[in-house]
Amino acid sequence: MKKNVLIYGLLSGICVAIFMSFSVGYCYSENSFDGSMLLGYTAMLLSFSLIFVGVKNYRDKHNNGIISFGKAFLMSLYMALIASTLYVIGWMIAYYNFFPDFIEKLAAYQLSPAKISHMTPAQIAGIREQMETFKDWYATPLGVAGATYMEILPVGLLVSLITALILKRRISST
């Protein structure tokens, strides 16, 4: 079990970190964050699909086709934690070495005349407040790590829950 968790967690983490690096690089080169959230969460789901594969592999090849919800969920959760940690490490390396002005660029984009022209003053104030919160979080490495975990870990938890629900299989009593 530990080997499967480690292998599929690392594969998932490497994939999601690579996707993230390319998508942030694309946003920078295009100077646009349009669609970046959709792209990012799609990449997370695709990468986390390896968690499903890892649990299914363990269930079918190493556990005689049987796995409880609890064991499937724990395996999935551990894989999601490994993958999320690689994502956070990857983002911190990318942020501090290649994109140190990320928050400023994101704030400038979110508050650009084209974006705010159709917003109410209350919506604009909300975006300004959100950007200030992000700037506060990004003031320290611990804040960057925390904000990044908050971005990916809920997706990992959801995938873990769905994986466990789909793959659980008990011994049939006949």
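Numbers below:
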quantity: Yes/no for LEU10 being surrounded by fewer than 18 Cβ atoms within 10 Å (Cβ to Cβ), at pLDDT 95 or above and out of contact with any helix residue (DSSP H, G or I) (no Cβ under 8 Å at 6 or more places or on another chain); calculated: no
quantity: Elements of type helices (runs of 4 or more DSSP H) in region 32-133, at least 3 residues being in contact (Cβ under 8 Å) with a residue 12 or more places away in the chain; calculated: 36-57, 69-97, 102-110
quantity: Selected residue [modelled with pLDDT under 95 and out of contact with any strand residue (DSSP E or B) (no Cβ under 6 Å at 6 or more places or on another chain)] from MET92, MET44; calculated: MET44
quantity: Meets criteria (in a helix (DSSP H, G or I), of a type outside the set (A, V, I, L, M, F, W, C), within 30 Å of GLU129 (Cα to Cα) and at pLDDT 95 or above) for SER29; calculated: no
quantity: Cross-chain or 6+ apart pairs with Cβ under 8 Å, region 148-161 first and touching a residue at least 24 places away in the same chain (Cβ under 8 Å), then surrounded by fewer than 16 Cβ atoms within 10 Å (Cβ to Cβ) and not acidic (Asp, Glu); calculated: THR148/MET92; VAL155/TYR41; VAL155/LEU45; VAL159/LEU45; VAL159/SER49
quantity: Considering residues of region 152-170 that are of a type in the set (A, V, I, L, M, F, W, C) and closer than 16 Å to LEU46 by Cβ only, the residue farthest from the chain's Cα centre (by Cα); calculated: ILE162
quantity: Among (1) of a type outside the set (A, V, I, L, M, F, W, C); (2) surrounded by 19 or more Cβ atoms within 10 Å (Cβ to Cβ); (3) in contact with a strand residue (DSSP E or B) (Cβ under 9 Å, 6 or more places away or on another chain) - the single one ASN4 does not satisfy; calculated: (3)
quantity: Test result for ALA83, within 18 Å of LYS3 (Cα to Cα), under 11 Å from the mean Cα position of the chain (by Cα) and at pLDDT 90 or above; calculated: yes
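The values are calculated or read from the model by the stated rules, or taken from the named source; none is laboratory data. What you see is a predicted model; the values in this text were computed from it and never measured. Positions of Cβ are generated from backbone atoms using ideal geometry, with glycine treated the same way; all protein chains shown enter the neighbour counts.
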